[in-house]
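Report on the structure given below.
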Amino acid sequence: MSTSGRSAPARPWIESYGASIPAELPESAYRSLAHLVNETCRKHAGKTAFTCVVPNGMNGSLSFARVDEMSSAFAAFLRHHCGVRRGARVAVQLPNGLAYPVVAFGVFKAGAVLVNTNPLYTPSEMIHQFTDSGAEVLVICDMFADKLAEVIPKTGVRTVVLAGVPEFFPRIPEMIVRGVQKVWTRTLPPVPALEVPVLRLREALEKGRAVSADPSGWWAKTGPDDLALLQYTGGTTGVAKGAMLSHGNILANLQQVLAMGRSHMTGNDCVLTALPLYHIFAFTCNLMSFFEIGARNILVPSPRPVQNIQRAIENYPITWITGVNTLFNGLMNEEWFSAFPPTHLVAAIAGGTALHRSVAARWAVMTGTPIAEGYGLTESSPLVSFNPLSDAARPGSIGIPVPGTDAALVDDDDAPVPEGQPGELIVKGPQIMQGYWNRPDETEKTVRNGWLYTGDVAVMEDGGFLRIVDRKKDLVLVSGFNVYPNEVEDCLAKIPEVLEAAVIGIPDAASGEAVRAYVVRNPDVPGELTKEAIVAHCRKHLTGYKVPKSIVIRDELPKSPIGKILRKDLKAEVKAEFAGKV
Amino acid sequence: MLTELETTLLGVMMMIIMLGMGASMTPRDFLIAFRKPRGILIGLLSQFAVMPFLGYALAVGLGLPPPLVVGLILIACMPGGTTSNIFAYFSKGVLALSIMMTVVSTVVAVVMVPLLLAFYGGMAGVTGDYAIPPANVAQVLVVLLVPTILGMILRKVSPNVGATIELIGSFTGVVVILFLIASWVPRNYPLLLATGLDIYFATIGIGLMGMLFGYWVARGLGQDTNRARTISLETGIQNGPLAVLVITLSFTGAQQQEVLLIPILYALFIVLTSTAITLWYRRNATREELARDAAKVRPA
């Protein structure tokens, strides 16, 4: 069957929306993200928009009015001193901090395109991303300035701006944090000599202020179809590709986030932003959605170790937390959290990776509030589906497609699967990206006739609730039987002595592939953790072929910057381990 | 002897140090620490059971005269010094445990130090002129608890102010030692030259033996090597400036001069010995870390 004729299927999940979720997605009130920032900062001018908290509790804040003024100054700097024109790319490589919103919003106000970049990238990854995107300006955290000497000459970057973690803190705390970085932790390398101009963010803002231009002229023509972000993704296979997210994509997804949660959100909310803003989840959910309703973002520059979040949770009335499974699990294993869970909490939002049921259940008991699990991809800005914040929520489910979204499950021949059967989840809606930057072939493989092929295998239950069975590529094929790693991991996570687990396939002479489990011991639970006990537990709950044949007990698992367990790294290890053996 | 001005200055600096110590944590940290008090209790044991006994044994064993016995026992009975936290950090120890032990031992000191002083002072036969009135010690400690609590509250209310004060407190800790050395040594260098080897042995030995016993008490009670190293440093590093303050408030004139000898020598030497021990501990900690990493990459 061909997809070209796929008519929009019915949306059976609308019956599950309840009273608080609109069936149709309301129009966005804004034409672009710059328009949104402009209006929002005016509306909430005097309120605190962002507070950044470092591990010792030192902090700095920016009001909506200051964010407005500073981002306009940065836009002026980009336009007048860097020669940035409409649609030009500006790479931003910053951890969470007060500099991030100033710079990101400045880029939008200049009518330019934001290229979010992971601060921990290696020089070769940076070179790839900056040349692929054609970035003209780079804003980078001063902790990583030592990489510039190798990177900049090989890219088209013409201006480098440095920002620190304690940027825009009050003077003395800023001095102390910088002093600690320099002398104590030695994380402030000297800035290498470069051919291109290098300035600090403060200087850039001064230059921008001296221009005293009205920035609205630069973004007035920016509309929903213009490119807002190049969001790089796809580390699992080949090189990273830039997902082209337009202003309309992000604005629509913001509307979708609010459609699902607005009934529980208020302008006095305080959201903990421990996930990095350069990742699409925190970008759309925390930076844009909570910002738009006038809430306050509590930014944590680095949530690892989890201890780093302690002062942020202790000192501010946190009402929402966005996180991933490992973050929630990590928090609950901290004594300061379990003994004194945040008292103002309304709910937590989980995404990025499957939320284990045991984690969600423990969280509900410990904090007395739910974790609502959502699902999304970089390519969909990211939110696709979300659990309603009511009794209708289903544990272990990624919820129902958000308003304005179509979803279908298809088999390998692109035909819809019978009801209740697993199939690849494909989605369509205003949040789906325009394509991959300069990669029409890749785009064609992923987006066909407006449908985004997620590569995730899901089943649809009654009421339109979706359950991810697994990642298409992560399936372990044991003697022709599909084993979904998530299912085995979920089973392993129920063993009290297990802190976390990852499951992948290994080559096996008899069954083609066999299940291998990597398990991390929970140091807080006394008692032995033996391979025999793990196997015995799995035998009790899983069919024979799903029981791990090989078990590796580890001190830790490889994780992505947002804390996703990286099965691909484990697969790479296995590849090396079995090289030449099978 | 220290002038009135110097004594006042010392008092003010101690207040700042204690304010800084309090500001290194919040009231909640304090509550959390007591949910799993094992490490802290072991620390208290080595701080208030092992150390004073070592001080007493050294004083009697070396047959020191009464003013030096008082000085040595006083040093041995003191709570942990705030500089121990810096050493704990550089030795890759458990910083939170170090901070907590310093704070808790300072609080417990209000009761324990007067008792221990009276007990070991009596055992060593210190009487009359050289006995430190227990009320004096308790008073000084209670007065110092006020800035400690104030510091904790400040940290909670304004983390920016709290962390700044913490930093100032740490610097003051170093300044006080320099101040004591600078104001005392030049006036007393003939005394230093006349001081016997046994006294140097006592002042240097009390710190080193404290660290040695602290480590093995902790190990014996099931603490891992890293925590044991932290407890070790905490046990050996005493609050020397506090001992000096107590002495200046209890004695005058030549008597004060005599009693001050050991605490001041202690404050001077503990910086050197702790630095050496810290470097050694740091090497051990690094070696253990590498061994753990190596165990991780070995395939199953």
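Read-outs throughout are calculated quantities, based only on the coordinates presented, and are distinct from any laboratory measurement. Predicted model only: the values in this text are computed from it and were never measured. Please note: Cβ atoms are built from the backbone with ideal geometry, for glycine as well, and neighbour counts cover all protein chains shown.
Based on what the data block shows, is A:Ile534 more than 21 Å from A:Thr353 (Cβ to Cβ), within 12 Å of another protein chain (Cβ to nearest Cβ), hydrophobic (A, V, I, L, M, F, W, C) and surrounded by 16 or more Cβ atoms within 10 Å (Cβ to Cβ)? Against the criterion (more than 21 Å from A:Thr353 (Cβ to Cβ), within 12 Å of another protein chain (Cβ to nearest Cβ), hydrophobic (A, V, I, L, M, F, W, C) and surrounded by 16 or more Cβ atoms within 10 Å (Cβ to Cβ)), A:Ile534 does not qualify. Every condition in (1) outside any strand (DSSP E or B); (2) out of contact with any Cys (no Cβ under 9 Å at 6 or more places or on another chain); (3) surrounded by fewer than 18 Cβ atoms within 10 Å (Cβ to Cβ) holds for A:Leu477 except the one numbered (1). Checking segment B:112-125 against the condition returns a match, with at least one residue being touching a residue at least 40 places away in the same chain (Cβ under 8 Å), touching a Cys at 6+ places or on another chain (Cβ under 8 Å) and aromatic (Phe, Trp, Tyr).
B:Asn188 meets all of the listed conditions (1) under 20 Å from B:Pro66 (Cβ atoms); (2) crowded, with 20+ Cβ neighbours inside 10 Å but one, namely (2). Among residues of segment B:254-277 that are part of a helix (DSSP H, G or I), those with a Cβ under 7 angstrom from a residue that is of a type in the set (S, T, N, Q) and surrounded by 18 or more Cβ atoms within 10 Å (Cβ to Cβ), sequence gap 6+ or separate chain, pair up as B:Gln256/B:Thr248; B:Ile262/B:Thr203; B:Leu265/B:Thr203; B:Tyr266/B:Thr203; B:Phe269/B:Thr203.
Where in segment B:15-129 are there helices (runs of 4 or more DSSP H), lying wholly inside it, with at least 1 residues that are away from chain A (no Cβ under 14 Å)? First the steps, then the outcome.
Numbers: elements: B:27-33, B:38-45, B:51-61, B:66-77, B:83-90, B:95-123.
In segment B:15-129, B:38-45, B:51-61, B:66-77, B:83-90, B:95-123 are the helices (runs of 4 or more DSSP H) which contain 1 or more residues that are away from chain A (no Cβ under 14 Å).
Counting only residues that are within 23 Å of A:Arg42 (Cα to Cα) and buried (at least 22 other Cβ atoms within 10 Å of the Cβ), how many does segment A:293-313 have? I'd like the intermediate steps shown before the answer.
Initially, segment A:293-313 is screened for residues within 23 Å of A:Arg42 (Cα to Cα), giving A:293-299.
From the residues that got through so far, the ones that are buried (at least 22 other Cβ atoms within 10 Å of the Cβ) too are A:295-299.
Number of matching residues: 5.
For the condition part of a loop (DSSP other than H, G, I, E, B), closer than 26 Å to A:Ala29 by Cβ, more than 14 Å from chain B (Cβ to nearest Cβ) and within 20 Å of the chain's Cα centre (by Cα), A:Leu355 does not qualify.
Please determine whether any residue of segment A:61-70 is within 26 Å of A:Tyr436 (Cβ to Cβ), of a type outside the set (A, V, I, L, M, F, W, C) and either more than 20 Å from the chain's Cα centre (by Cα) or within 14 Å of another protein chain (Cβ to nearest Cβ) (or both).
From segment A:61-70, those within 26 Å of A:Tyr436 (Cβ to Cβ) are none; that's our starting set.
Looking for residues that are within 26 Å of A:Tyr436 (Cβ to Cβ), of a type outside the set (A, V, I, L, M, F, W, C) and either more than 20 Å from the chain's Cα centre (by Cα) or within 14 Å of another protein chain (Cβ to nearest Cβ) (or both), one finds none in segment A:61-70, hence no.
Whenever a residue of segment A:546-559 is at the interface with another protein chain (Cβ under 8 Å from one of its Cβ atoms), its partners that are not in a strand (DSSP E or B), lying with C-beta atoms within less than 6 angstrom and at least six residues away or across chains, give the pairs A:Ile551/A:Lys531; A:Ile551/A:Ile534; A:Val552/B:Ala300; A:Asp555/B:Lys296. Is one or more of the residues making up segment A:419-428 of a type in the set (Val, Ile, Thr), more than 18 Å from A:Tyr17 (Cα to Cα), free of Cβ contacts under 8 Å to residues at least 24 places away in the same chain and touching a strand residue (DSSP E or B) at 6+ places or on another chain (Cβ under 9 Å)? No, every residue in segment A:419-428 fails to be of a type in the set (Val, Ile, Thr), more than 18 Å from A:Tyr17 (Cα to Cα), free of Cβ contacts under 8 Å to residues at least 24 places away in the same chain and touching a strand residue (DSSP E or B) at 6+ places or on another chain (Cβ under 9 Å). Considered as a group, the residues in segment A:560-576 that are surrounded by 13 or more Cβ atoms within 10 Å (Cβ to Cβ) and charged (D, E, K, R) include one that is nearest to the other protein chains (Cβ to nearest Cβ), and that residue is A:Glu573. Determine whether B:Gly93 is within 20 Å of the chain's Cα centre (by Cα), farther than 21 Å from B:Pro27 by Cβ, buried (at least 24 other Cβ atoms within 10 Å of the Cβ) and touching a residue at least 60 places away in the same chain (Cβ under 8 Å). Here the answer is yes, as B:Gly93 does meet what is asked.
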